[in-house]
Amino acid sequence: MKKIVLLAFSLLFAIHAYSQDNDKLPEQSTAVSIDSLTVRLKRLQHDFDFLSCEYKLNEVKSELDELTHYIDISSNGILINLYHSQYDRALYAAYSKRYEAFCTNFDALKEKTETVKFSVAYDMMMLGFTDDEFKVLRAGLDSIEKSLNRAEYSLSYHDAVLRSYQGKKYE
């Protein structure tokens, strides 16, 4: 316990001594320090803006990919039931409700995607990104567009499989 108190007291003394040394710096050195900190702050803000845009793109892409995977898994489940069992009205109702939920989720994600694309495109125009950063963000925009198309295709495939399952009741 004595060692911890002694360590804390030493630390406080060192901080106090260091702050008194900084009070004695000449004004010119302080101005240089402020300029240096301003440059570092601008660089950090630039990096934050880029990372924020990249995060938004990756978040939407992940959500779209996750939805696509769920739709594909559901489609595979319907296909398995289609080939290995008889038509079941309750199962078809459950599949239909799931499909409607997928459609609702897709519409919400599509709207979110458009919002994020607009936000990132605006930031790309207004903020001074480098050519490499611009290319990364452009690739991210293309990637979420492909993910959106893939999710839309999976949704239409799921609908076709669901209609095939419904058609089995007439066999």
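A short reminder: the numbers here are calculations on the coordinates, not readings from a lab. Everything numeric here is computed off the predicted structure, so don't read it as measured data. All Cβ positions, even for glycine, are placed from backbone atoms using ideal geometry, and neighbour counts span all protein chains on display.
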Within the stretch 39-47, identify whether any single residue is in contact (Cβ under 8 Å) with a residue 12 or more places away in the chain and surrounded by 12 or more Cβ atoms within 10 Å (Cβ to Cβ), and answer yes or no. yes
Determine whether the stretch 144-158 contains at least one residue that is closer than 30 Å to Arg43 by Cβ, under 17 Å from the mean Cα position of the chain (by Cα) and assigned to a helix (DSSP H, G or I). yes
Any residue in the stretch 89-109 that is closer than 14 Å to Tyr70 by Cα sitting within a Cβ distance under 7 Å of a residue that is of a type in the set (Phe, Trp, Tyr)? List the pairs, counting only those 6 or more apart or interchain. Tyr95/Tyr165
Collect the residues in the stretch 78-131 that are part of a helix (DSSP H, G or I), more than 16 Å from Ser62 (Cα to Cα) and aromatic (Phe, Trp, Tyr), keeping them in residue-number order. Tyr83, Tyr92, Tyr95, Tyr99, Phe118, Tyr122
